[in-house]
1. Collect the residues in the stretch 222-262 that are more than 28 Å from residue 49 (Cα to Cα) and either within 17 Å of the chain's Cα centre (by Cα) or surrounded by fewer than 20 Cβ atoms within 10 Å (Cβ to Cβ) (or both), keeping them in residue-number order.
2. Just to be sure before I move on: is residue 91 modelled with pLDDT under 80 and surrounded by fewer than 16 Cβ atoms within 10 Å (Cβ to Cβ) in the structure I sent?
3. Would you pick out the residues in the stretch 31-71 that are in a helix (DSSP H, G or I), closer than 22 Å to residue 325 by Cβ and more than 19 Å from the chain's Cα centre (by Cα)?
4. Looking at residue 193, is it more than 23 Å from the chain's Cα centre (by Cα) and in a helix (DSSP H, G or I)?
5. Given the structure, is residue 242 in contact (Cβ under 8 Å) with a residue 12 or more places away in the chain and under 23 Å from residue 85 (Cβ atoms)?
6. Restrict the check to the stretch 244-254 and report whether at least one residue is in contact with a helix residue (DSSP H, G or I) (Cβ under 9 Å, 6 or more places away or on another chain) and more than 30 Å from residue 38 (Cα to Cα).
7. Looking at 283, 269, which one is at negative phi, surrounded by 23 or more Cβ atoms within 10 Å (Cβ to Cβ) and assigned to a helix (DSSP H, G or I)?
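The values are calculated or read from the model by the stated rules, or taken from the named source; none is laboratory data. Computed from a predicted structure; not experimentally measured. All Cβ positions, glycine included, derive from the backbone under ideal geometry; neighbour counts span all protein chains shown.
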C-alpha cells in the first residue's frame, strides 16, 4: 500500500513538472516573439474578418488562391490600414500647426447678442445671460465647455502610435503575415479547431465560431464607421470652408476609432467657422456634424450586431483599455477580447440555464 501512494505522488510530481516546463517554454516563445505580436494579432484579426470575402473572391477569379489573396490584401489595405496610416501621418506631420492653431484661437470672441434673441418669449432673458457669459470667454475655454481637451486625446493617440519607422515596419509585417495566413487559411483553421477541441472539448468549435463572428463584427463596426464618419466630415468641412480640412478629417477619423465620437473635432470646428466664415457655413457644418453623430449611433451598432450581439459599452472600454495596455493595435484587440469574453460567457450562462430544468425534472 505505501508503494502505491509513493508511485502516485511521483506521477503527480512528474505531471506538475511537465506542465511547468511546457508553460515555461510557451512563455519563453511568447517573450522571444514579443516584437512581432502586434503585427501578428492585427494580421489574425484582419484574416478572420476577410475570410468570407476571400472565399467569394476565389470563386470569382477561377479558384485562384493567389489572385484572391492579392485582392483581399488590397481591400484590407484600403479599409483597415491605409486610413489609419494617412490619419496618423497627417496629424503627426502637422502637430506643430495644430498647436499654433489652438493658441491663435485665443483672439476669437463671440459677437454681440442679436436684438431679436432678447425679445424671444420665455427663453429670451436666459439665452441673453448665457450669451453674455460666452462673450467674455476665449475660444479655447468655450471649446472646453463643450468637449474637454481634444488635443490631449490626439497627443495620447500619437504617443501610442510611435515613430513613423516603427509604424511602417508594423504595417509591413502585418501585410506579410496576413498573406501567409490567407494562403494557408485551411491549415490555420484546422490547427485552431484542434487546439480549442483539446482545451474545451465538444464546445471548442462553437466557441471558435462565436469568436470569429465577434471579431468580424467589431472590426467592421469600428473601422468602417470611422471611415464613413471621417469621409462625411471631410466633405462638410470642405463645403463650409473650414481651415485645415485634411488635419481635421484625420483627427475625426482617429477620435472615431477611439470611440470618442465625431463631435470632439466637429463641434469646435462649427464654432470656429461661425467666427471666421459666418452663420450660413457654420449652420451647414452643424448639420453635417449632426449627420455624423447619427451615423455613429446607427451604423456602428448595426454592423456589430449583424455579426454578434455586443453592448457598445464593452467596445468603448475595450478601446480605452486596449490602447493603454497594447498600444495602437489595442484599439482593435481590446474590444475583441472583451466582446469574445462577453459572448462566450453569455453562451455558457444560457446553456447552464437550459440544462437546469432538465436536471430538476429528472430528480
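1. If we filter the stretch 222-262 for residues that are more than 28 Å from residue 49 (Cα to Cα), which is where we start, we get 235-248.
Of everything in the stretch 222-262, those that are more than 28 Å from residue 49 (Cα to Cα) and either within 17 Å of the chain's Cα centre (by Cα) or surrounded by fewer than 20 Cβ atoms within 10 Å (Cβ to Cβ) (or both) turn out to be 235, 238, 239, 241, 243, 244, 245, 246.
2. Details: modelled with pLDDT under 80: yes; surrounded by fewer than 16 Cβ atoms within 10 Å (Cβ to Cβ): no.
In short, no.
3. Within the stretch 31-71, 31, 32, 34, 35, 36 meet the criteria.
4. Numbers: more than 23 Å from the chain's Cα centre (by Cα): yes; in a helix (DSSP H, G or I): yes.
When the stated conditions are applied, residue 193 passes them.
5. On the way: in contact (Cβ under 8 Å) with a residue 12 or more places away in the chain: yes; under 23 Å from residue 85 (Cβ atoms): no.
Judged against the criteria, residue 242 is not a match.
6. Pass one, the stretch 244-254, residues in contact with a helix residue (DSSP H, G or I) (Cβ under 9 Å, 6 or more places away or on another chain): 244-254.
After this cut, where a residue has to be more than 30 Å from residue 38 (Cα to Cα) as well, the list is 244-245.
Yes, some residue in the stretch 244-254 is in contact with a helix residue (DSSP H, G or I) (Cβ under 9 Å, 6 or more places away or on another chain) and more than 30 Å from residue 38 (Cα to Cα).
7. On the way: 283 fails: surrounded by 23 or more Cβ atoms within 10 Å (Cβ to Cβ).
The conditions single out 269.
This table checks each residue for (1) part of a helix (DSSP H, G or I); (2) closer than 30 Å to residue 344 by Cα; (3) modelled with pLDDT of 85 or more; (4) in contact with a helix residue (DSSP H, G or I) (Cβ under 7 Å, 6 or more places away or on another chain).
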{"site": "215", "(1), (2), (3), (4)": "yes, yes, no, yes"}
{"site": "225", "(1), (2), (3), (4)": "yes, yes, yes, yes"}
{"site": "231", "(1), (2), (3), (4)": "yes, no, yes, no"}
{"site": "238", "(1), (2), (3), (4)": "yes, no, yes, yes"}
{"site": "274", "(1), (2), (3), (4)": "yes, no, no, yes"}
{"site": "304", "(1), (2), (3), (4)": "yes, yes, no, yes"}
{"site": "332", "(1), (2), (3), (4)": "yes, yes, no, yes"}
